[in-house]
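Accompanying notes for the structure given below.
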Amino acid sequence: ARLAPAHRPLAGRHILVTAGPTHEPIDPVRYIANRSSGRQGFAVAGALAALGARVTLIAGPVTLPTPPGVGRVDVETACQMAQAVAEALPADAAVMVAAVADWRVEAAGQKVKKDGGAAPALTLVENPDILATVAAAPNRPALVVGFAAETEHVIDHAVAKRLRKRADWIVANDVSGDVFGGDANSVHLVTAEGVESWERMGKDDVARGLAQRIADALQGEP
Ligand code: CTP
Ligand code: CA
């Protein structure tokens, strides 16, 4: 049995967390972004550290302080995030909270200039799926958790995503209201056992609840 004191059940565990948006450059001065604030992911990282875990937080571009006890790696693009995640493995668990850009731009090497003609067309290329890659890796963490922000058919989409990406759990976030940048989340925890719907609560409470569940799940792991 592992010797983890009750108040630090994740002592001796390494947990990877991704958070925030990614920025995908169009040219040296422009990029495509999304509205992720990074707050839910940073809260998860902090809550895991508070339970004793060694946390590696791979963060996209956000303006947030690093939670106490968390080791942070800053990245800009999805490809950089994928690389940083691969380098941070192995881990006992991975929690992918980042709003990774689904596509990157075939970026120009120089600033794109108006030339008086047609507007430039952006060619988009699909980014690697970091969650699916980690879940299929030879050194796969014992517990792989994804987040899914959905505006409709929240649970159906999350159930399908869990299977498609081979995640153990998906935290499905109902964003039909206002959530990006907001204080609270309405989440459903989708596991192989079924779906647990949590009452609407603050992002810090979602983080604490999830961290405790992760501690419980890792209890039985060597
Ligand atoms: N994710 C990832 N890498 C990507 C895209 C998503 O790691 N390139 C992770 C997210 O961090 C999240 C989970 O996958 O944990 C679900 O992301 P989501 O955007 O909901 O899934 P997608 O497969 O991109 O589907 P959608 O078309 O709904 O955006
Ligand atoms: Ca996506």
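The values are calculated or read from the model by the stated rules, or taken from the named source; none is laboratory data. Being a predicted model, the structure only gives us computed values, none of them experimental. So basically every Cβ, Gly included, is an ideal-geometry build from the backbone, and we count neighbours across all protein chains shown. For the accessible areas, the whole protein counts, side chains as well, though only heavy atoms, and no ligand, DNA or RNA atoms are used. Shrake-Rupley method; radii C 1.70, N 1.55, O 1.52, S 1.80 Å.
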C-alpha center-to-center spacing [the range 43-101, the range 157-174] in angstrom: 19
Hey, with R₀ at 25 Å, roughly what FRET efficiency would residue 89 and residue 66 work out to, going by the Cβ-Cβ distance, to 0.05? 0.75
Value of [θ]222 nm, deg cm²/dmol, for the chain, DSSP H segments ≥ 4, -39500 (n - 2.57) each, nearest 500: -8000 deg cm²/dmol
Here the gain from full extension of residue 191 to residue 27, 0.36 nm per residue of separation minus their alpha-carbon distance, amounts to 55.0 nm
Computed from the beta carbon distance with a Förster radius of 41 Å, FRET efficiency for residue 201 and residue 142 to the nearest 0.05 stands at 0.95
To test your reading of the geometry: what angle, between 0 and 90 degrees and rounded to tens, separates the Cα axis of helix 39-50 from the longest principal axis of the chain? 30
Once the Cα atoms of helix 154-164 and of the chain are each reduced to a long axis, what angle between those two axes, in degrees from 0 to 90 to the nearest 10, is obtained? 90
Per residue solvent-accessible surface (Å²) - the range 118-211, probe of 1.4 Å: 53
At 7 Å along the Cα-to-beta-carbon direction for both residue 176 and residue 113, put a label point, then send me their distance in nm to one decimal. 5.1
Looking only at 130, 26, 58, which one moves most when the chain is put into a Gaussian network model with springs between Cα atoms under 10 Å? 26
Quick calc: nm separation of the 7 Å Cα→Cβ label points for residue 103 and residue 151 -> 1.6
List the residues, sorted by chain then number, that are 5 or more residues from residue 147 or on another chain and whose placed amide H is less than 5 Å from its amide H. 96, 171
With an 8 Å cut-off on Cα pairs and a minimum separation of 6 or more residues, tell me the relative contact order of the chain in percent. 20
Taking the 0 to 90 degree range and rounding to the nearest ten, how far is the long axis of helix 203-219 tilted relative to the main principal axis of the chain, both from C-alpha atoms? 50
Percent carbon-and-sulfur accessible area, the chain, ignoring ligands, DNA and RNA, probe 1.4 Å: 52
Using label points projected 7 Å from each Cα along Cα→Cβ, tell me how many nm separate residue 34 and residue 121, to one decimal. 2.5
In the range 75-135, the trypsin sites (Lys or Arg not before Pro) that sit in a DSSP loop and have at most 12 other Cβ atoms within 10 Å of their own Cβ are 111, 113, 114
Principal semi-axes in Å for the range 6-128 [√(5λ), Cα gyration tensor, largest first]: 35, 13, 10
